[in-house]
């Protein structure tokens with residue numbers, strides 16, 4: 001049995017691709033999900049990857065869920081904080097609830113996921129933390145003040161964790177995907193999708209598996225000196 005990896009939001013979209021890639025690379029994977037029982041059951045049936053249900057916005061639920069994973073699979077050495085939501089609206093129409101929901105899941109959810117695992121990583125002198133941020137955390141986006149704020153904040157978390165964890169053999173890195181051909185993106189009207197692709201120099205959407213390959217490298221032993229970094233996987237749409 002290989003190292004244990006936890007992927008939040010790991011049964012659908014980019015998270016599902018990450019879970020599969022890590023399993024194929026020899027990791028024992030636990031895929032967290034928030035609410036879609038049917039999709040989670042189908043994912044487990046297809047891949048054999050165990051799924052665990054909790055809301056990353058809830059610290060106590062996250063701590064209990066992580067304890068359940070470790071009791072069943074062993075200590076978690078690899079954490080991929082991928083779970084995220086959108087509640088888009090122009091700022092003048094954005095409600096406090098839309099702000100809070102996104103902050104609680106996308107930003108506080110990273111704390112809730114990594115914090116319970118961190119002491120064990122320090123004790124064992126090894127760990128890999130990868131946070132899935134976004135191109136819109138780097139450049140901002142109309143109608144996504146809440147989402148962009150969380151994804152920019154995630155980069156600050158990574159840079160700080162990298163400095164705290166380095167002497168304990170822990171790395172923390174981020175990936176900022178551009179527009180990826182997930183179920184959500186493919187569901188938008190074709191004309192909208194075409195306008196998105198027109199902004200990408202590569203001339204296409206990214207594939208979830210391309211983000212998964214970035215994760216697979218960052219959690220590997222080969223990436224031990226890559227720490228506090230951000231990989232921008234966006235088809236040359238935006239440079240930092």
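Looking only at region 123-159, residues that are in contact (Cβ under 8 Å) with a residue 12 or more places away in the chain and part of a helix (DSSP H, G or I) come to 20 in all. Filtering region 160-177 to residues that are in a helix (DSSP H, G or I), touching a residue at least 60 places away in the same chain (Cβ under 8 Å) and farther than 18 Å from residue 111 by Cβ leaves only 166. Filtering region 59-84 to residues that are crowded, with 18+ Cβ neighbours inside 10 Å and in contact with a helix residue (DSSP H, G or I) (Cβ under 9 Å, 6 or more places away or on another chain) leaves 62, 66, 76, 77, 78, 79, 80, 81, 82, 83, 84. Being closer than 23 Å to residue 23 by Cα, modelled with pLDDT of 95 or more and in a helix (DSSP H, G or I) holds for only one residue in 231, 211, and it is 211. Among residues of region 182-212 being under 24 Å from residue 31 (Cα atoms) and in contact with a strand residue (DSSP E or B) (Cβ under 9 Å, 6 or more places away or on another chain), the one that is surrounded by the most Cβ atoms within 10 Å (Cβ to Cβ) is 211. Scanning region 179-193 for residues that are more than 17 Å from residue 106 (Cβ to Cβ) and in a loop (DSSP other than H, G, I, E, B) yields 179, 181, 187, 188, 189.
The values are calculated or read from the model by the stated rules, or taken from the named source; none is laboratory data. Since the structure is predicted, the reported quantities are computational estimates derived from the model, not experimental observations. Note that we place each Cβ from the backbone using ideal geometry, even for glycine, and neighbour counts take in every protein chain shown.
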